[in-house]
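Encoded as structure tokens, the structure appears first; notes follow it.
The values are calculated or read from the model by the stated rules, or taken from the named source; none is laboratory data. What you see is a predicted model, and the numbers here were worked out from it, not measured in a lab. Every residue, glycine as well, gets a Cβ built from its backbone with ideal geometry; the counts of neighbours run over all protein chains shown. Accessible surface areas use protein heavy atoms only, side chains included; no ligands, DNA or RNA. Shrake-Rupley method; radii C 1.70, N 1.55, O 1.52, S 1.80 Å.
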Amino acid sequence: MTVRRCLPWPDKRLRTAAAPVDAVTDEIRAHWQDMIDTMEAMPGVGLAGPQIGVMLRLAVVDASEARGQVVRMANPEILHASVQPREHDEASPNLPGVSATITRPRAVTVRFLNADGESEERDFVGLWATSAQHQIDHLDGRMYFDRLSRTKRGMLLKRAQKGAR
């Protein structure tokens, strides 16, 4: 079990788009395992490679109540998003101590390479959908607070700075 350190905001890698994965190899599977171990140690419902300094389009999501239902994704992309919104309080281990209510589509269809290296399409709903979208944002160099107004984002980052002192 390898729990990796999450990069602290404002590390510039958190603002950098991750590189595509060419193939699912043993090295990719090892990254996924580190990501799962790190996600479980937080505990969280998802993690993207850049959050721990792995600059590849890798994400893991497990929003199950019992845990152990993790979905490993390489190169995830949203094919379809529902019109119906869902609000959820989001946070990130890269900026601990603060959170914000974010509105995202309630359901999404995501295409990705799975653990066997095969292309898969999966529908995610509710917290699963929120987490998948949150991780894809990380892969694109975005943070959840980028979805806030400039004023709310400024207040959140100011609170985070105060908490870091």
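If the chain between GLU121 and THR151 were fully stretched, how many nm would it gain, using 0.36 nm times the residue separation less the Cα-Cα distance?
Using 0.36 nm per residue and subtracting the Cα-Cα distance, I get 7.1 nm.
Using a simple charge model, +1 on the beta-carbon of Lys and Arg, -1 on the beta-carbon of Asp and Glu, nothing else, what dipole does region 75-158 show about its Cα centre, in debye to the nearest 20?
Approximately 640 debye in magnitude.
Nearest 0.05, what FRET efficiency do SER99 and THR25 give at R0 = 45 Å with Cβ-Cβ as r?
It comes out at approximately 0.80.
Between ALA19 and residues 5 or more places away or on another chain, which pairs have amide H atoms under 5 Å apart, with H built 1.01 Å from N, and which residues are they?
LEU56, ARG57
Is the shape of region 63-112 rounded, prolate or oblate, going by the alpha carbon gyration tensor and its root eigenvalues a ≥ b ≥ c, with a/c under 1.5 for rounded and a/b larger than b/c for prolate?
Working: a/c = 1.67, a/b = 1.17, b/c = 1.42.
Oblate.
Rounded if a/c is under 1.5, else prolate if a/b is larger than b/c, else oblate: which is region 1-93, with a ≥ b ≥ c the root eigenvalues of its Cα gyration tensor? Walk me through the numbers on the way to the answer.
Details: a/c = 1.23, a/b = 1.18, b/c = 1.05.
Cα axes put region 1-93 in the rounded bin.
Using all alpha carbons of the chain, what is the percent of pairwise distances in each 5 Å bin, ordered from the shortest bin to the longest?
Distribution as computed: 2, 9, 18, 22, 22, 15, 7, 3, 1, 0 percent.
With angles folded into 0 to 90 degrees, how steeply does helix 26-41 sit against the dominant principal axis of the chain? Use alpha carbons for both and round to 10.
40 degrees
Residue by residue through region 4-19, what is 3J(HN,Hα) from phi via Karplus (6.51 cos²θ - 1.76 cosθ + 1.60, θ = phi - 60°)? Round to whole Hz and write x for glycine and proline.
Using θ = phi - 60°, the values come out as 9, 6, 7, 5, x, 5, x, 3, 5, 5, 6, 10, 10, 5, 7, 7 Hz.
Once phi is turned into θ = phi - 60°, what whole-Hz ³J(HN,Hα) does the Karplus curve with 6.51, -1.76 and 1.60 give for every residue of region 98-103, x standing for Gly and Pro?
These are the phi-based 3J(HN,Hα) values: 9, 8, 8, 7, 10, 9 Hz.
If I fit a long axis through the Cα atoms of helix 127-139 and take the longest principal axis of the Cα atoms of the chain, what angle between them do I get, 0 to 90°, rounded to 10?
80 degrees
Count charges around LYS152 for me, please; just the other residues with Cβ under 15 Å from its Cβ, Lys/Arg as +1, Asp/Glu as -1.
Taking every other residue near LYS152 into account, the sum is +1.
Where does each of LEU156, LEU113 land when they are ordered by accessible area, with a 1.4 Å probe and the largest first?
LEU113, LEU156
When the Karplus curve 6.51 cos²θ - 1.76 cosθ + 1.60 is applied with θ = phi - 60°, which whole-Hz ³J(HN,Hα) does each residue of region 146-161 get, with x for Gly and Pro?
Running phi through 6.51 cos²θ - 1.76 cosθ + 1.60 with θ = phi - 60° gives 5, 8, 8, 5, 4, 5, 5, 4, x, 5, 5, 5, 5, 4, 5, 4 Hz.
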